[in-house]
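*Asks:* Starting off with a structure, shown below.
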Amino acid sequence: MEKGERQVIRQILLTGASGRVAGMLRPLLCARYEKLILTDRIQPESLENNEEFRAADLADAQSVLDVCRGVDSIIHLGGQSNEADWETVKQINIDGMYNLLDAAHRNDVDRFVFASTNHVVGMVERSKTVGIDARVRPDSRYGVSKVFGEALASFYADKYAMRVLSIRIGHVNWQPSDMRQLSIWVHPEDLMQLIAIGLESDAVRNEVVYGVSDNARSFWDNAEATRLGYLPQHTAEDHLEAILALESKRGHRDSVSERFQGGDFAAAEYTDPKD
């Protein structure tokens, strides 16, 4: 995969297009693909020449069906991205995920890249390294909704021959900013590489990988991504000195947050076992 190479045959739908992660990925996607259809409830402030905006609400099945017309690939970044009450999570991340996959199937969409999350294994202790075959241990209602999303995407892959890549994303940013992120950070360019694999690789059928850069302290065994050709170009260790300087100024650290891979998501509402 040559950096900046443009694929002229794709009409790609990007959900959650007004969000933080989409804002980092859109320039990379526009440089590589001919046409990017953006969807969200709110339109981004500006559009590139090869971007088109279509408003849609994931909770509205008809609007989702309409926005998928003419699309051959979907990158699903949209949804509730933090912990919330069950009804909010259910409406956006569960009902919305069903609406989108059903619309994709009915519109003969060939490829589906799903932004899952590291929080599907957030209750695993940091001392353990886990791969994609580990039992899911979500740390939040949000994490539970992403477990459902992975399962539903798997169903559409196996039942309807849709090519699916679910990416359990760590923390996306241009650089890590704390000790936990030394393990879970993914540079936008590395995440873009995984997305391109999901959209282009013939090896992708029904796959799950971790969205993480080449971090020496990673919590995850990402052998499946390596098998698909993933070669991350960034490592959190390059930022170690700056992070250690920041950590020296931080005060009390929550012991539960420090114990589990999910960090603050795992610590919220946590009850320590009595036996």
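*Asks:* Quick one: which residue in Val147, Val136 is of a type in the set (A, V, I, L, M, F, W, C) and either in contact (Cβ under 8 Å) with a residue 24 or more places away in the chain or on the phi > 0 side of the Ramachandran plot (or both)? Explain how you work it out, then say what you get.
*Replies:* Values: Val136 fails: either in contact (Cβ under 8 Å) with a residue 24 or more places away in the chain or on the phi > 0 side of the Ramachandran plot (or both).
Only one candidate qualifies: Val147.
*Asks:* Test of understanding: among Lys146, Lys128, which residue is of a type outside the set (Ser, Thr, Tyr), modelled with pLDDT of 95 or more, buried (at least 20 other Cβ atoms within 10 Å of the Cβ) and closer than 19 Å to Gly262 by Cα?
*Replies:* Going through Lys146, Lys128 in turn, just one is of a type outside the set (Ser, Thr, Tyr), modelled with pLDDT of 95 or more, buried (at least 20 other Cβ atoms within 10 Å of the Cβ) and closer than 19 Å to Gly262 by Cα: Lys146.
*Asks:* I need the full set of residues from the range 234-255 which are touching a helix residue (DSSP H, G or I) at 6+ places or on another chain (Cβ under 6 Å) and exposed (fewer than 15 other Cβ atoms within 10 Å of the Cβ), in order please. So that I can check it myself, show each step before the final result.
*Replies:* Just the residues of the range 234-255 that are touching a helix residue (DSSP H, G or I) at 6+ places or on another chain (Cβ under 6 Å), to begin with: 234, 236, 254.
Answer for the range 234-255, where residues must be touching a helix residue (DSSP H, G or I) at 6+ places or on another chain (Cβ under 6 Å) and exposed (fewer than 15 other Cβ atoms within 10 Å of the Cβ): just Asp254.
*Asks:* Further, regarding this structure: Would you mind finding the one in Tyr210, Tyr230 that is in a loop (DSSP other than H, G, I, E, B), on the phi < 0 side of the Ramachandran plot and surrounded by 17 or more Cβ atoms within 10 Å (Cβ to Cβ)?
*Replies:* Values: Tyr210 fails: in a loop (DSSP other than H, G, I, E, B).
Unique residue meeting the criteria: Tyr230.
Quick grid of which residues meet (1) over 16 Å from Ile169 (Cα atoms); (2) of a type outside the set (S, T, N, Q):
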{"site": "Arg205", "(1), (2)": "yes, yes"}
{"site": "Val208", "(1), (2)": "no, yes"}
{"site": "Gly211", "(1), (2)": "no, yes"}
{"site": "Ala216", "(1), (2)": "yes, yes"}
{"site": "Leu228", "(1), (2)": "yes, yes"}
{"site": "Ile243", "(1), (2)": "yes, yes"}
{"site": "Ser255", "(1), (2)": "yes, no"}
{"site": "Gln261", "(1), (2)": "no, no"}
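*Asks:* Sticking with this structure for a sec: Residues of the range 168-206 being assigned to a strand (DSSP E or B) and either at pLDDT below 95 or over 13 Å from the mean Cα position of the chain (by Cα) (or both), which ones?
*Replies:* Hit for the range 168-206 is Asn206, nothing else.
*Asks:* Collect the residues in the range 233-275 that are polar (S, T, N, Q) and in a helix (DSSP H, G or I), keeping them in residue-number order.
*Replies:* Correct list: Ser255, Ser257.
*Asks:* Could I ask something else about it? Taking the options Ala157, Ala161, name whichever one is surrounded by fewer than 20 Cβ atoms within 10 Å (Cβ to Cβ) and out of contact with any helix residue (DSSP H, G or I) (no Cβ under 9 Å at 6 or more places or on another chain). Reasoning before the result, please.
*Replies:* Details: Ala157 fails: surrounded by fewer than 20 Cβ atoms within 10 Å (Cβ to Cβ).
Criteria check complete, one pass: Ala161.
*Asks:* Here's a follow-up. Under the condition of being aliphatic (A, V, I, L, M) and outside any helix (DSSP H, G or I), which residue from the range 99-123 is nearest to the chain's Cα centre (by Cα)?
*Replies:* Ala115
*Asks:* Something else about it: All but one of (1) under 30 Å from Asp139 (Cβ atoms); (2) at pLDDT 95 or above hold for Asn82; state the number of the condition that does not hold.
*Replies:* (2)
*Asks:* Which of (1) in contact with a Phe, Trp or Tyr (Cβ under 6 Å, 6 or more places away or on another chain); (2) under 21 Å from Asn99 (Cβ atoms); (3) of a type in the set (S, T, N, Q) does Ser183 not meet, given it meets every other one?
*Replies:* Going through the list (1) in contact with a Phe, Trp or Tyr (Cβ under 6 Å, 6 or more places away or on another chain); (2) under 21 Å from Asn99 (Cβ atoms); (3) of a type in the set (S, T, N, Q), Ser183 breaks only (2).
*Asks:* For the range 232-254, name all the residues that are hydroxyl-bearing (Ser, Thr, Tyr) and under 27 Å from the mean Cα position of the chain (by Cα).
*Replies:* Correct list: Thr235 only.
The values are calculated or read from the model by the stated rules, or taken from the named source; none is laboratory data. Please read these numbers as outputs of a predicted model, since none were measured by experiment. In this analysis, Cβ positions are derived from the backbone assuming ideal geometry, glycine residues included, and neighbour counts consider all displayed protein chains.
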